[in-house]
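Here's the structure, in structure tokens; my notes come after.
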Amino acid sequence: MAVEIDLFYHLKDGRVDGVLVSPAAENDNIAQHFEELNQQLPVVYFDRYPIGTSFENTSCNDFEAGHIAAKHLLEGGSSRIGFVGISESLSVTSLRLKGYKNALKENGIKLQNSLIILSQNESIIYQRTVSLSKKERPPTAFFSSHESYACQVYSACKNFNINIPDEIRLISFAHYPASAFLNPGLSTITQSAYELGRNAALKLIKKLPGNKVKLNVNTKKLPCKFTFRSSSVG
């Protein structure tokens, strides 16, 4: 976070005409800094943005993706589905969690807050996964909002002899090229980084003072791609 704040002050000095931002994690101070910067020059968030801010942004349809992921696990027979994410103050976690909750509600499954794990610390994700898995009625699936957190679920299951997908099924947002080669292969939700970056750049260019170029900017949420593998369909 210190690096991001340091960069903010460099940007504030007028060294650029506009800024593209994708916050690494939850931090109210960072959002406040960029709110201030947005008064001086155009700021566009991409992929993720702080909830409750007025920044222009470009992102994928995280709500829809969360809904589809949870529905996929439900249709496979899992009703006790754990959710793993960073923080609800970040758009990606908040919207994916809302999609997950919506799918549960549509299928008549009561929401259990004890199955929702939110943390910026990977070791806490691991510990909470282990703790839930040892309960009398453990989760039968996990939906991970972050690829590194899916790795924590894999580690917990391996260390405590929990079989994926026989005992716990798993799907995750991930961009690992090696996802297919994990044991078992990880079911993934991926975003087009190219399209996110392109659309964000076009929005920023359109906001630059003096810009007269007509640009075709996609104002809709970008779709996600689902690849179902053995971790959720075995």
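Some observations on this one:
- K221 being surrounded by fewer than 22 Cβ atoms within 10 Å (Cβ to Cβ) and either in contact with a Pro (Cβ under 6 Å, 6 or more places away or on another chain) or of a type outside the set (F, W, Y) (or both): yes
- Residue satisfying all of: in segment 36-77; small (G, A, S) and on the phi < 0 side of the Ramachandran plot; modelled with the lowest pLDDT among these: S54
- Test: residue in segment 51-64 that is farther than 21 Å from L20 by Cα and out of contact with any strand residue (DSSP E or B) (no Cβ under 7 Å at 6 or more places or on another chain): yes
- Against the list (1) part of a helix (DSSP H, G or I); (2) under 10 Å from V84 (Cβ atoms), the condition I117 fails is (1).
- Scan of segment 138-149 for residues that are under 17 Å from H72 (Cα atoms) and within 12 Å of the chain's Cα centre (by Cα), ordered by number: F143, S144, S145
- Inside segment 77-131, residues that are closer than 24 Å to S155 by Cβ and of a type in the set (D, E, K, R) make up a count of 4.
- Screening the candidates A69, A65 for the property of being in contact (Cβ under 8 Å) with a residue 60 or more places away in the chain, crowded, with 18+ Cβ neighbours inside 10 Å, closer than 16 Å to F173 by Cβ and in contact with a Cys (Cβ under 6 Å, 6 or more places away or on another chain) yields one hit, A65.
- Flag if L104 is of a type outside the set (S, T, N, Q) and in a helix (DSSP H, G or I): yes
- Looking at S144, S123, S119, just one residue is touching a helix residue (DSSP H, G or I) at 6+ places or on another chain (Cβ under 6 Å), small (G, A, S) and more than 20 Å from S232 (Cα to Cα), and that residue is S119.
The values are calculated or read from the model by the stated rules, or taken from the named source; none is laboratory data. Quick caveat, the model's predicted, so the values are computed rather than measured. Cβ sites come from the backbone with ideal geometry, for glycine too, and all protein chains shown count toward neighbours.
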